[in-house]
1. Scan the stretch 428-457 residue by residue and report those that are open to solvent by less than 50 Å² (accessible area, probe 1.4 Å) and touching a residue at least 40 places away in the same chain (Cβ under 8 Å).
2. Within the stretch 578-592, track down each residue that is open to solvent by 50 Å² or more (accessible area, probe 1.4 Å) and at pLDDT 95 or above.
3. Could you tell me whether A204 is under 26 Å from the mean Cα position of the chain (by Cα) and among the small types (G, A, S)?
4. Using the structure shown, decide if M364 is part of a loop (DSSP other than H, G, I, E, B) and either modelled with pLDDT of 95 or more or in the same structural domain as R61 (by TED's automatic domain parsing) (or both).
5. If we scan the stretch 210-218, do we find a residue that is more than 23 Å from I259 (Cα to Cα), at pLDDT 95 or above and open to solvent by 10 Å² or more (accessible area, probe 1.4 Å)?
6. So G233 passes all but one of these: (1) within 15 Å of the ligand (Cβ to nearest atom); (2) at negative phi; (3) surrounded by 17 or more Cβ atoms within 10 Å (Cβ to Cβ); (4) modelled with pLDDT of 95 or more. Which condition number does it fail?
7. Please determine, by comparing only the residues of the stretch 84-97 that are within 13 Å of the ligand (Cβ to nearest atom) and not hydrophobic (A, V, I, L, M, F, W, C), which one is most open to solvent (accessible area, probe 1.4 Å).
8. Out of (1) of a type in the set (V, I, T); (2) within 16 Å of the ligand (Cβ to nearest atom); (3) open to solvent by 10 Å² or more (accessible area, probe 1.4 Å), the odd one out for T149 is which?
Amino acid sequence: MTAAVLAIAMLPSLSGISTPSFPTLSAPTLHSPTNPAQIFDPLKETPAGKDLRMQWWREARFGMFIHWGLYSIPAGEWNGKNYPGAGEWLMNNAQIPVADYEPLQQQFNPVKFNAKEWVRIAKEAGMKYIVITSKHHDGFALWPSKFGTWNVGNSPFKRDPLKELADACREEGIKFCLYHSILDWHHPDFLPREGWDKRPTTGADFNRYLTVFRGQLDEIMQNYDPAVLWFDGEWKGWSHELGMQTYRDLRRKKPSLIINNRVDVGRAGMSGSTAEGHVGDFGTPEQEIPANGFAYDWESCMTMNGSWGYHKNDTNWKSARTLIENLVDCASKGGNYLLNVGPTDLGEIPTASIERLAEVGKWMKRNGESVYGTVAGPFKRPMPWGKVTRKGNTLFAVVFDEKADKIELPGLKSKVNTANYLRERALLITEATDRGLTVDLRRTGEPGEIRVVQVNLAEAPLVEDVPLGQDADGNVMLFSGDAKTTGNTRFEADKKCLGFWTDLASSATWEFAVKKGGSFKVEVEYACEEDSSGATIGLSIAGRALEFEAQGTGGWSSFKKVTLGPIEIDSDTKATAMVVAKSKPKYAAMNLRSVRLVKSP
Ligand code: H79
């Protein structure tokens, strides 16, 4: 019996529970009732059962987050004042009294909303699921709810956007999922209140809020049958007990349902990891990609500019390249990427988002094989040229560095069959060295091109922890991701550098081996903003001291190289390199990407 079949056989039937109002359940685990007295307990799911339930989600790797609601109308401005930050937090950030916020409901009329168009945009981008806000913190329900009047049914917009989107998703084979806020700034019974909310709390009853909360959850489950429920706002008024109960109730109604970890209170801040003993099917890092992934399922949610809800003054858009790199970064660590769009008050996804998604889609159409259905790559440490995902005995090396003509898979000791560019026949030359596997890329990329190399192993990947050392040309790459650090500085995966160099206690250290000694030039790659320039950077490499002044490079992600030295290093040396900042600039000394020792012939 295979693991999957075993899981089906072991899951008890649902027939003992009275939930007659719910549609037939789609999970393959629910047929043939055997023991009616047995109650399905989602908290006792077998690992194989969970694998089965999570399968589509793990394979998908890429989803669209949609933040849409009344906040899309003011779009980050209130009474003529701009509120930077997240547009969907405007009610809180501008401290808008409920009575002043409520009239937005009568302005909600997104006549341009076209569910099919939204789904087309997501699908063309290569996304496999959509998570839309049924209710954000302002409490406004984006469906015609029978609980109260604070919902789209009582706006001039006489349609049901969730229904239209759910139907469009089903037609296109995209999984439809819902984000739902536990926290509620509008409902008179939600407690505790925010400091700026001056409504008297007399008579407020949190249990009455819970009844509405549960009732609305039942409604959205019944009406839209979401594949994922994505809770948020669990840091106020919520408890572990309520989280467990909600998780169990929802999974009993729909055993195949996937629920994020914010249904419970075990989330460790924005890193999104889950504390032991708490429920939730996946971790939810927000606006960050974990340095090393997690041992459990996770999904990083991120914005394309700085706001989730539409913000008319936020034009700080990430490039399509960054979005692709983020997606691949998540996949290379075994996680999903949930990328946000914030449609306008008229119901349109901003053009800037559409353009970027189209570019991501173009890349995914060619290279999606390196993302969908992959698991984390076998390499523990970040590599300077890109990321690696894995499917069985195949590795996909995604080369972010378009200038690289050679890549090194550090410590890879498995036997290699062949290597080739994805979808190309020509074989690439590989070389097994004591430091790992080198792949000769034969050609550099077109400007901006992200190439994918497929490395076909003869066996499962075996990676050893090899010390840093010289490549075939005798050069040494001391990449920031490999450094041991002290002080405040830490590796930022998105920028591939040591950032937050804000104190004099910060340092980076590498140990490396030099077999063939000689003269080396020292190339430091770093970025620095103009108004934070001027830090004196000290280097000590194999006992030789060097120094330079970090100048503005045009921004914190605009990397430039400075060449120092040369220095002499003897053959057969075990050397140490260390970088420190000797003076404290305005914000931070620099973003340090790498120190490279280039051997003179
Ligand atoms: O919906 C989007 C944002 O509006 C929402 N989550 C994404 C998906 C969001 N809610 N809050 N925040 C973003 C920032 C809030 C952070 C804090 Fe906390 C809440 C700081 C303290 C309480 C949660 C608990 C995060 C850190 C500790």
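The values are calculated or read from the model by the stated rules, or taken from the named source; none is laboratory data. Note that the coordinates shown come from a computational prediction; the quantities given were computed from them, not determined experimentally. Note: ideal-geometry Cβ built from the backbone for every residue, glycine included; neighbour counts use all protein chains shown. Ligands, DNA and RNA are stripped out before the accessible areas are found, and what is left, the full protein with its side chains, is counted by its heavy atoms. Shrake-Rupley method; radii C 1.70, N 1.55, O 1.52, S 1.80 Å.
1. Passing the criteria: V439, L441, G445, G448, I450, R451, V452, V453, Q454, V455, N456, L457.
2. Taking the stretch 578-592 first, the residues open to solvent by 50 Å² or more (accessible area, probe 1.4 Å) are 578, 582, 584, 586-587.
Listed by number, the list holds a single entry, M578.
3. On the way: under 26 Å from the mean Cα position of the chain (by Cα): no; among the small types (G, A, S): yes.
In short, no.
4. On the way: part of a loop (DSSP other than H, G, I, E, B): no; either modelled with pLDDT of 95 or more or in the same structural domain as R61 (by TED's automatic domain parsing) (or both): yes.
Considered against the rule, which asks whether it is part of a loop (DSSP other than H, G, I, E, B) and either modelled with pLDDT of 95 or more or in the same structural domain as R61 (by TED's automatic domain parsing) (or both), M364 comes out as no.
5. The first filter runs over the stretch 210-218 and keeps only residues more than 23 Å from I259 (Cα to Cα), leaving none.
No, the stretch 210-218 contains no residue that is more than 23 Å from I259 (Cα to Cα), at pLDDT 95 or above and open to solvent by 10 Å² or more (accessible area, probe 1.4 Å).
6. Among (1) within 15 Å of the ligand (Cβ to nearest atom); (2) at negative phi; (3) surrounded by 17 or more Cβ atoms within 10 Å (Cβ to Cβ); (4) modelled with pLDDT of 95 or more, the lone unmet condition for G233 is (2).
7. N93
8. (2)
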